[in-house]
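The values are calculated or read from the model by the stated rules, or taken from the named source; none is laboratory data. Worth saying up front: this structure is predicted, and the values here are computed from it rather than measured. Every residue, glycine as well, gets a Cβ built from its backbone with ideal geometry; the counts of neighbours run over all protein chains shown. Only protein heavy atoms, including side chains, enter the accessible area calculation; ligands, DNA and RNA are left aside. Shrake-Rupley method; radii C 1.70, N 1.55, O 1.52, S 1.80 Å.
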Amino acid sequence: MRKNDINLNYEAAVANRGNQARIKKVFKRARNGEKLTLGFLGGSITQGSLASRPELCYAYHVYEWWCNTFPNAEFTYVNAGIGATDSQFGCARAESDLLSFKPDFVIIEFSVNDESNTHFMETYEGLVRKIYGNECKPAVLLVHNVCYDNGSSAQLVHGKIGRYYELPAVSMQSCIYPELLSGKLENRTITPDDLHPNDFGHELVASVITEFLGSILKNIDSEEVEPEFRVQPLTLNAYENSIRYRNDNSKPSIKGFQEDSAPQNVITDIFKKGWTAKEKGASITFEIEGSCIGVQYRKTIQLPAPVAELILDGDESHSFRLDANFDETWGDKLVLDTILEHGEEKKHTVEIRLTETHEDDKLPFYLVSVIGS
(Lines give C-alpha, C1' and ligand atoms only; values in the text may rest on other atoms or scores of the structure.)
Protein backbone atom coordinates (compact mmCIF):
# COMPACT_ATOMS: atom_id res chain seq x y z
CA MET A 1 0.00 0.00 0.00
CA ARG A 2 1.17 3.52 -0.77
CA LYS A 3 0.44 6.82 0.94
CA ASN A 4 -1.58 7.99 -2.05
CA ASP A 5 -3.91 5.01 -1.58
CA ILE A 6 -5.04 6.44 1.77
CA ASN A 7 -7.40 9.39 1.76
CA LEU A 8 -6.45 10.98 5.07
CA ASN A 9 -8.40 13.97 6.32
CA TYR A 10 -5.44 16.29 6.78
CA GLU A 11 -7.65 19.16 7.84
CA ALA A 12 -8.90 17.09 10.78
CA ALA A 13 -5.28 16.47 11.77
CA VAL A 14 -4.82 20.11 12.75
CA ALA A 15 -5.20 20.04 16.54
CA ASN A 16 -4.28 23.71 16.83
CA ARG A 17 -3.40 26.17 14.09
CA GLY A 18 -1.66 28.32 16.66
CA ASN A 19 0.48 31.30 15.86
CA GLN A 20 2.57 30.53 12.79
CA ALA A 21 4.84 33.58 12.76
CA ARG A 22 7.98 31.71 13.79
CA ILE A 23 7.45 28.94 11.24
CA LYS A 24 6.94 31.52 8.50
CA LYS A 25 10.17 33.25 9.52
CA VAL A 26 12.06 29.97 9.19
CA PHE A 27 10.42 29.37 5.79
CA LYS A 28 11.61 32.80 4.61
CA ARG A 29 15.13 32.12 5.82
CA ALA A 30 15.09 28.77 4.04
CA ARG A 31 13.80 30.46 0.89
CA ASN A 32 16.78 32.81 1.11
CA GLY A 33 19.17 29.86 1.18
CA GLU A 34 20.31 30.09 4.80
CA LYS A 35 21.83 27.35 6.94
CA LEU A 36 19.18 25.99 9.31
CA THR A 37 18.95 23.30 11.97
CA LEU A 38 15.91 21.04 12.29
CA GLY A 39 15.46 19.34 15.68
CA PHE A 40 13.20 16.49 16.77
CA LEU A 41 12.70 15.66 20.45
CA GLY A 42 10.57 12.74 21.56
CA GLY A 43 10.39 9.05 22.38
CA SER A 44 10.84 5.87 20.40
CA ILE A 45 8.65 6.98 17.48
CA THR A 46 10.84 10.03 16.95
CA GLN A 47 13.96 7.92 17.39
CA GLY A 48 12.63 5.75 14.56
CA SER A 49 11.81 2.53 16.37
CA LEU A 50 10.60 -0.22 14.00
CA ALA A 51 11.46 1.75 10.88
CA SER A 52 13.65 -0.57 8.82
CA ARG A 53 16.27 2.16 8.40
CA PRO A 54 16.85 5.45 10.23
CA GLU A 55 16.15 7.29 6.98
CA LEU A 56 12.62 5.86 6.90
CA CYS A 57 11.41 7.31 10.19
CA TYR A 58 8.92 10.17 10.19
CA ALA A 59 11.49 12.72 11.43
CA TYR A 60 13.85 12.04 8.53
CA HIS A 61 10.96 12.22 6.06
CA VAL A 62 10.11 15.67 7.44
CA TYR A 63 13.77 16.68 7.13
CA GLU A 64 13.69 15.51 3.50
CA TRP A 65 10.59 17.62 2.89
CA TRP A 66 12.48 20.72 4.00
CA CYS A 67 15.43 19.79 1.79
CA ASN A 68 13.22 19.20 -1.26
CA THR A 69 11.04 22.27 -0.66
CA PHE A 70 14.01 24.62 -0.18
CA PRO A 71 16.83 23.19 -2.34
CA ASN A 72 18.97 26.32 -1.96
CA ALA A 73 19.06 26.11 1.83
CA GLU A 74 21.41 23.95 3.91
CA PHE A 75 19.82 21.88 6.67
CA THR A 76 21.28 20.09 9.68
CA TYR A 77 19.23 17.18 11.04
CA VAL A 78 19.20 16.60 14.82
CA ASN A 79 17.19 13.59 15.98
CA ALA A 80 17.00 13.71 19.79
CA GLY A 81 14.49 10.89 20.17
CA ILE A 82 15.13 8.29 22.87
CA GLY A 83 12.82 5.30 23.22
CA ALA A 84 10.77 4.70 26.38
CA THR A 85 11.35 8.22 27.72
CA ASP A 86 8.91 10.97 28.63
CA SER A 87 8.71 14.75 28.82
CA GLN A 88 9.94 14.72 32.43
CA PHE A 89 13.25 13.34 31.22
CA GLY A 90 12.97 15.62 28.20
CA CYS A 91 13.14 18.67 30.48
CA ALA A 92 16.40 17.42 31.97
CA ARG A 93 18.08 16.63 28.65
CA ALA A 94 16.68 19.26 26.27
CA GLU A 95 19.68 21.54 26.68
CA SER A 96 22.37 18.93 26.01
CA ASP A 97 20.55 16.84 23.40
CA LEU A 98 18.73 19.55 21.43
CA LEU A 99 19.21 23.20 22.36
CA SER A 100 23.00 22.96 22.28
CA PHE A 101 22.63 22.66 18.48
CA LYS A 102 20.69 25.96 18.36
CA PRO A 103 17.75 24.61 16.35
CA ASP A 104 15.64 26.86 14.15
CA PHE A 105 12.68 24.49 13.95
CA VAL A 106 11.69 21.86 16.54
CA ILE A 107 9.11 19.10 16.69
CA ILE A 108 8.14 17.92 20.20
CA GLU A 109 6.59 14.44 20.36
CA PHE A 110 5.72 12.79 23.70
CA SER A 111 1.97 12.13 23.61
CA VAL A 112 2.24 8.32 23.73
CA ASN A 113 5.08 8.40 26.26
CA ASP A 114 3.41 10.69 28.79
CA GLU A 115 0.26 9.73 30.66
CA SER A 116 -2.79 11.96 30.47
CA ASN A 117 -2.56 13.48 33.95
CA THR A 118 -1.58 16.69 35.74
CA HIS A 119 1.98 15.51 36.41
CA PHE A 120 2.77 15.15 32.72
CA MET A 121 0.84 18.29 31.86
CA GLU A 122 3.31 20.07 34.12
CA THR A 123 6.44 18.34 32.79
CA TYR A 124 5.27 18.93 29.21
CA GLU A 125 4.78 22.61 29.94
CA GLY A 126 8.27 22.79 31.42
CA LEU A 127 9.68 21.23 28.25
CA VAL A 128 7.68 23.54 25.95
CA ARG A 129 8.76 26.62 27.90
CA LYS A 130 12.39 25.50 27.92
CA ILE A 131 12.45 25.07 24.13
CA TYR A 132 10.08 27.80 22.94
CA GLY A 133 11.54 30.31 25.38
CA ASN A 134 15.15 29.50 24.53
CA GLU A 135 17.37 32.35 23.32
CA CYS A 136 17.56 30.86 19.82
CA LYS A 137 13.75 31.26 19.56
CA PRO A 138 12.99 28.15 17.51
CA ALA A 139 9.72 27.62 15.69
CA VAL A 140 7.92 24.79 17.50
CA LEU A 141 5.42 22.27 16.17
CA LEU A 142 3.73 19.84 18.56
CA VAL A 143 3.04 16.33 17.26
CA HIS A 144 0.49 14.16 19.06
CA ASN A 145 0.89 10.47 18.27
CA VAL A 146 -1.62 7.83 19.37
CA CYS A 147 -1.86 4.17 20.42
CA TYR A 148 -3.52 2.51 17.45
CA ASP A 149 -5.33 -0.24 19.40
CA ASN A 150 -7.32 1.97 21.78
CA GLY A 151 -6.71 5.57 20.73
CA SER A 152 -4.99 6.53 23.97
CA SER A 153 -2.79 9.62 24.02
CA ALA A 154 -1.81 12.47 26.33
CA GLN A 155 -3.11 14.88 23.70
CA LEU A 156 -5.83 16.15 26.03
CA VAL A 157 -3.37 17.59 28.56
CA HIS A 158 -0.65 18.35 26.03
CA GLY A 159 -3.17 20.22 23.92
CA LYS A 160 -3.99 22.55 26.81
CA ILE A 161 -0.33 23.56 26.93
CA GLY A 162 -0.17 23.99 23.18
CA ARG A 163 -3.19 26.25 23.07
CA TYR A 164 -1.97 28.30 26.05
CA TYR A 165 1.26 29.12 24.20
CA GLU A 166 -0.47 29.36 20.79
CA LEU A 167 1.69 26.61 19.33
CA PRO A 168 0.75 24.82 16.10
CA ALA A 169 -0.05 21.13 16.64
CA VAL A 170 -1.08 18.11 14.59
CA SER A 171 -2.77 14.91 15.76
CA MET A 172 -2.69 11.31 14.57
CA GLN A 173 -5.63 10.60 16.88
CA SER A 174 -7.94 12.68 14.71
CA CYS A 175 -6.44 11.80 11.34
CA ILE A 176 -4.92 8.31 11.08
CA TYR A 177 -6.74 6.59 13.94
CA PRO A 178 -10.24 7.20 12.49
CA GLU A 179 -9.18 5.30 9.36
CA LEU A 180 -8.55 2.25 11.56
CA LEU A 181 -11.87 2.61 13.36
CA SER A 182 -13.73 2.80 10.05
CA GLY A 183 -11.99 -0.30 8.74
CA LYS A 184 -10.51 1.57 5.79
CA LEU A 185 -7.06 0.85 7.14
CA GLU A 186 -5.84 -2.27 8.95
CA ASN A 187 -3.68 -1.85 12.05
CA ARG A 188 -0.96 -4.18 10.81
CA THR A 189 -0.66 -2.16 7.63
CA ILE A 190 0.90 0.69 9.60
CA THR A 191 2.13 -0.79 12.91
CA PRO A 192 3.28 -4.22 14.12
CA ASP A 193 2.54 -3.52 17.80
CA ASP A 194 -0.22 -0.85 17.77
CA LEU A 195 2.25 1.78 18.97
CA HIS A 196 5.32 2.10 16.78
CA PRO A 197 4.75 2.79 13.08
CA ASN A 198 6.37 0.58 10.46
CA ASP A 199 7.93 2.18 7.37
CA PHE A 200 4.53 2.92 5.88
CA GLY A 201 3.19 4.18 9.21
CA HIS A 202 6.13 6.55 9.55
CA GLU A 203 5.43 7.79 6.03
CA LEU A 204 1.82 8.53 6.97
CA VAL A 205 2.82 10.37 10.17
CA ALA A 206 5.29 12.43 8.16
CA SER A 207 2.63 13.26 5.57
CA VAL A 208 0.34 14.68 8.29
CA ILE A 209 3.17 16.95 9.40
CA THR A 210 4.31 18.04 5.95
CA GLU A 211 0.76 18.68 4.71
CA PHE A 212 0.32 21.07 7.62
CA LEU A 213 3.68 22.72 6.97
CA GLY A 214 2.72 23.02 3.30
CA SER A 215 -0.51 24.78 4.21
CA ILE A 216 1.48 27.33 6.21
CA LEU A 217 3.92 27.76 3.34
CA LYS A 218 1.08 28.65 0.97
CA ASN A 219 0.36 31.67 3.19
CA ILE A 220 3.97 32.54 3.91
CA ASP A 221 3.58 36.19 2.97
CA SER A 222 0.49 36.85 5.06
CA GLU A 223 1.65 38.89 8.04
CA GLU A 224 1.37 37.34 11.48
CA VAL A 225 2.58 38.92 14.71
CA GLU A 226 4.34 36.61 17.14
CA PRO A 227 2.68 36.72 20.57
CA GLU A 228 4.71 37.72 23.59
CA PHE A 229 6.04 34.77 25.55
CA ARG A 230 3.75 33.98 28.49
CA VAL A 231 5.69 34.70 31.65
CA GLN A 232 3.04 33.14 33.88
CA PRO A 233 2.89 29.35 33.43
CA LEU A 234 -0.35 27.41 33.31
CA THR A 235 0.80 24.80 35.87
CA LEU A 236 3.11 25.01 38.89
CA ASN A 237 5.92 24.45 36.37
CA ALA A 238 8.54 22.98 38.68
CA TYR A 239 10.32 21.03 35.93
CA GLU A 240 11.41 23.68 33.43
CA ASN A 241 14.89 24.07 34.91
CA SER A 242 15.62 20.47 35.80
CA ILE A 243 19.23 19.48 36.44
CA ARG A 244 20.46 15.96 35.75
CA TYR A 245 23.27 14.78 38.04
CA ARG A 246 25.62 12.23 36.45
CA ASN A 247 29.22 11.29 37.12
CA ASP A 248 30.55 14.02 34.82
CA ASN A 249 28.94 16.88 36.76
CA SER A 250 28.56 15.66 40.35
CA LYS A 251 30.60 14.10 43.15
CA PRO A 252 28.29 12.14 45.46
CA SER A 253 29.53 10.34 48.53
CA ILE A 254 30.28 6.75 47.47
CA LYS A 255 30.67 3.49 49.35
CA GLY A 256 30.89 0.44 47.10
CA PHE A 257 29.57 2.18 43.96
CA GLN A 258 31.85 2.66 40.96
CA GLU A 259 31.78 5.36 38.29
CA ASP A 260 31.09 4.12 34.76
CA SER A 261 33.93 5.69 32.76
CA ALA A 262 32.93 4.26 29.36
CA PRO A 263 32.29 7.02 26.79
CA GLN A 264 28.78 7.83 25.61
CA ASN A 265 29.01 8.21 21.84
CA VAL A 266 25.31 8.71 21.08
CA ILE A 267 22.40 9.87 23.24
CA THR A 268 20.55 6.58 22.74
CA ASP A 269 23.40 4.80 24.55
CA ILE A 270 21.47 5.47 27.72
CA PHE A 271 23.37 3.46 30.34
CA LYS A 272 26.42 5.71 30.52
CA LYS A 273 27.94 8.30 32.90
CA GLY A 274 26.31 6.62 35.88
CA TRP A 275 27.38 4.42 38.78
CA THR A 276 27.30 0.64 39.33
CA ALA A 277 27.28 -1.57 42.42
CA LYS A 278 26.86 -5.29 43.01
CA GLU A 279 27.55 -5.86 46.72
CA LYS A 280 24.78 -5.68 49.31
CA GLY A 281 25.23 -2.61 51.51
CA ALA A 282 26.88 -0.46 48.84
CA SER A 283 25.61 3.11 49.02
CA ILE A 284 25.75 6.43 47.21
CA THR A 285 24.52 9.77 48.60
CA PHE A 286 23.66 13.02 46.81
CA GLU A 287 22.70 16.50 47.91
CA ILE A 288 20.02 17.74 45.51
CA GLU A 289 18.54 21.24 45.43
CA GLY A 290 14.87 21.61 44.53
CA SER A 291 11.29 20.68 45.34
CA CYS A 292 11.00 17.75 42.92
CA ILE A 293 13.42 14.82 42.64
CA GLY A 294 13.58 11.91 40.22
CA VAL A 295 15.92 8.93 40.01
CA GLN A 296 16.93 7.04 36.86
CA TYR A 297 18.17 3.46 36.95
CA ARG A 298 18.28 0.37 34.78
CA LYS A 299 15.65 -2.33 34.83
CA THR A 300 17.07 -5.38 33.08
CA ILE A 301 15.60 -8.49 31.47
CA GLN A 302 18.75 -10.38 32.50
CA LEU A 303 17.44 -11.90 35.72
CA PRO A 304 17.99 -12.02 38.61
CA ALA A 305 19.05 -8.45 39.28
CA PRO A 306 19.83 -6.44 42.43
CA VAL A 307 17.33 -4.35 44.37
CA ALA A 308 18.13 -0.99 45.96
CA GLU A 309 16.39 1.29 48.42
CA LEU A 310 16.28 5.07 48.19
CA ILE A 311 16.01 7.07 51.40
CA LEU A 312 15.07 10.74 51.23
CA ASP A 313 16.44 13.19 53.79
CA GLY A 314 17.57 10.38 56.10
CA ASP A 315 13.98 9.42 56.86
CA GLU A 316 13.72 5.61 56.80
CA SER A 317 9.93 5.91 56.58
CA HIS A 318 10.34 7.90 53.35
CA SER A 319 12.00 5.15 51.32
CA PHE A 320 11.49 3.83 47.80
CA ARG A 321 12.22 0.41 46.33
CA LEU A 322 14.35 0.47 43.17
CA ASP A 323 13.95 -3.00 41.70
CA ALA A 324 16.24 -3.67 38.74
CA ASN A 325 14.30 -6.82 37.73
CA PHE A 326 12.27 -6.04 34.59
CA ASP A 327 9.14 -8.11 33.92
CA GLU A 328 9.02 -7.26 30.21
CA THR A 329 10.99 -8.99 27.45
CA TRP A 330 11.66 -6.24 24.88
CA GLY A 331 14.93 -5.10 26.46
CA ASP A 332 16.48 -3.19 29.33
CA LYS A 333 14.66 -0.01 30.31
CA LEU A 334 15.79 3.35 31.63
CA VAL A 335 13.33 3.94 34.47
CA LEU A 336 12.56 7.39 35.86
CA ASP A 337 10.84 7.29 39.25
CA THR A 338 9.57 10.49 40.86
CA ILE A 339 10.41 10.33 44.57
CA LEU A 340 9.47 13.89 45.53
CA GLU A 341 7.00 16.25 43.87
CA HIS A 342 6.31 19.76 45.14
CA GLY A 343 8.04 19.12 48.41
CA GLU A 344 9.99 21.70 50.37
CA GLU A 345 12.29 23.84 48.22
CA LYS A 346 15.67 23.13 49.82
CA LYS A 347 18.79 20.98 49.62
CA HIS A 348 17.67 17.36 50.02
CA THR A 349 19.74 14.27 50.84
CA VAL A 350 19.21 11.31 48.53
CA GLU A 351 20.80 8.03 49.64
CA ILE A 352 20.63 4.87 47.52
CA ARG A 353 21.85 1.58 48.95
CA LEU A 354 21.74 -2.00 47.73
CA THR A 355 19.47 -4.12 49.90
CA GLU A 356 19.16 -7.31 47.87
CA THR A 357 21.70 -9.11 45.69
CA HIS A 358 22.02 -12.67 44.38
CA GLU A 359 24.97 -14.94 43.66
CA ASP A 360 23.83 -15.32 40.07
CA ASP A 361 23.06 -11.65 39.31
CA LYS A 362 23.76 -11.17 35.62
CA LEU A 363 24.42 -7.42 35.86
CA PRO A 364 25.22 -4.94 38.64
CA PHE A 365 22.74 -2.33 39.75
CA TYR A 366 23.10 0.69 37.43
CA LEU A 367 22.20 4.15 38.73
CA VAL A 368 22.00 6.42 35.68
CA SER A 369 21.26 9.79 37.28
CA VAL A 370 19.40 11.79 39.88
CA ILE A 371 17.32 14.72 38.63
CA GLY A 372 16.56 17.81 40.69
CA SER A 373 13.81 20.25 39.72
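The table below gives the values:
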item	result
Rel. contact order, % - alpha carbon contacts under 8 angstrom, at least six apart, region 110-232	23
Residue-normalised accessible area of the chain, expressed per residue, 1.4 Å probe, Å²	44
GluC sites (Glu not before Pro) restricted to DSSP loop in region 98-194 with at most 14 other C-beta within 10 Å	Glu115, Glu135, Glu186
Region 1-110 shape via C-alpha gyration tensor axes, a/c threshold 1.5	rounded
Loop-resident sites, region 1-61, for trypsin sites (Lys or Arg not before Pro), counting at most 15 other Cβ within 10 Å (DSSP)	Arg2, Arg17
Debye, to nearest 20: dipole size of the chain, +1 on Lys, Arg Cβ, -1 on Asp, Glu Cβ	1080
Extension gain from Ser182 to Asp199, taking 0.36 nm per residue of separation minus the Cα-Cα distance	3.9 nm
Region 240-373: C-alpha gyration tensor shape, a/c 1.5 cut-off, then a/b vs b/c	prolate
Gain upon complete extension [Asn237, Lys255; 0.36 nm per residue less C-alpha separation]	3.0 nm
Residue-averaged 222 nm ellipticity for the chain, from DSSP H runs of 4+ at -39500 (n - 2.57), nearest 500	-7500 deg cm²/dmol
Angle between the chain longest axis and helix 58-69 axis [Cα atoms, degrees, rounded to 10]	40
Counted charge near Gly151, where neighbours are those whose Cβ lies closer than 13 Å (Asp, Glu -1; Lys, Arg +1)	-3
Listed residue (Phe105, Ser87, Ala154) projecting farthest to the positive dipole end of region 66-221, Cβ model	Phe105
Protein-only accessible surface order, largest first, of Glu228, Glu309 at 1.4 Å	Glu228, Glu309
Rounded to the nearest 10 Å², the accessible area of Lys272 at probe 1.4 Å	40
Positive-end residue of Pro233, Ser222, Tyr245, charge dipole of region 204-260 with Cβ unit charges	Tyr245
With all protein chains modelled, accessible area of Ser207 [1.4 Å, Å²]	10
